[in-house]
Amino acid sequence: MRRVNVAVRRSAAPVTVNDDEVKKQRREDAEPGNEPKPGLRERKKARLRQQIVETALHLFRQRGYENTRIDDIVHTLEISQPTFFRYFPSKDAVLREVGRRAFARQAESLKAELSVKATTEQRLRRFYETLGNVTEVGRPLWQAVILAGAMDPVRSPELRGAEAATVSLLREIIAEGQKNGEITCDFPVVHLAEFMEGLFNTVVRQWAVDLTGPHKLTERVRNAVEFFLRGAKP
């Protein structure tokens, strides 16, 4: 019988780990922006949540909020009611998600205004004109959002963070206006921001219950901004 020579592999030399390198890697992993990417399961859940919101919005616009049932949403998406309820406890919760996203878009618009060179007047006019146009174009949807209190941080506490972020950016714009001598310093920035937001919210709420009023929403918003700017002159 032939002898078979079997080569025995020697084990690799032990790897030396540098403690400093390990600590550095841990610090880098902990830094913002270096979080691990969500797994497939999380991505699928996020995708379905987005699909539920988009489908609900389509039906709200098409049929009206009151005439849209959860059954309509799940039937369109071909999912079960228990699946829907794993993401949203009610139809109103979908509407509050719409409100939260609206605050997020407002915050992005205000950040964009702060990133460009412009007067306070130009920034406020541009921001609120865009806001008024978007709201008026999607009138049935935004009427439901407003009447349901889906953007009211008092009635919907989960929106307080999103609303506070938006108001904080508005304060930055007004504070810069005070610094440049465009806005009066007789009142604190926090109060001036509240005045402007109060004017806008009152106009929109009134419009939501009186869609056949004497003026379009965009005109009402334009007048509210003009009133604020005249009163806020130094």
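The values are calculated or read from the model by the stated rules, or taken from the named source; none is laboratory data. This structure is a prediction, so every number in the text was calculated from the model and none was measured. Positions of Cβ are generated from backbone atoms using ideal geometry, with glycine treated the same way; all protein chains shown enter the neighbour counts. Accessible surface is based on the protein model in full, side chains and every heavy atom, while ligands, DNA and RNA are left aside. Shrake-Rupley method; radii C 1.70, N 1.55, O 1.52, S 1.80 Å.
List of remarks:
- Some residue of region 75-86 being of a type in the set (Asp, Glu) and open to solvent by less than 20 Å² (accessible area, probe 1.4 Å): no
- Residue match in region 96-107 (condition: among the small types (Gly, Ala, Ser), at pLDDT below 90, open to solvent by less than 20 Å² (accessible area, probe 1.4 Å) and part of a loop (DSSP other than H, G, I, E, B)): no
- Residue in region 166-180 that is farthest from the chain's Cα centre (by Cα), counting only those that are open to solvent by less than 50 Å² (accessible area, probe 1.4 Å) and within 19 Å of LYS111 (Cβ to Cβ): GLY177
- Failed item in (1) open to solvent by less than 50 Å² (accessible area, probe 1.4 Å); (2) farther than 22 Å from LEU114 by Cα; (3) of a type in the set (D, E, K, R), with ASP186 passing the rest: (1)
- Cβ-Cβ under 6 Å pairs, at least 6 apart or on other chains, region 126-144 side more than 17 Å from GLY64 (Cβ to Cβ), far side at pLDDT below 85: none
- Qualifying residue in region 114-125 (condition: open to solvent by 80 Å² or more (accessible area, probe 1.4 Å) and touching a helix residue (DSSP H, G or I) at 6+ places or on another chain (Cβ under 6 Å)): yes
- Residues that are modelled with pLDDT of 90 or more and more than 22 Å from ARG220 (Cβ to Cβ) occur at least once in region 118-134.
Every residue, every condition in (1) closer than 22 Å to ASN133 by Cβ; (2) open to solvent by 20 Å² or more (accessible area, probe 1.4 Å); (3) of a type outside the set (A, V, I, L, M), yes or no:
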position	(1), (2), (3)
GLU197	yes, yes, yes
TRP207	yes, no, yes
PHE227	yes, yes, yes
ARG230	no, yes, yes
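- Condition check for VAL116: among the aliphatic types (A, V, I, L, M) and within 26 Å of GLY177 (Cα to Cα): yes
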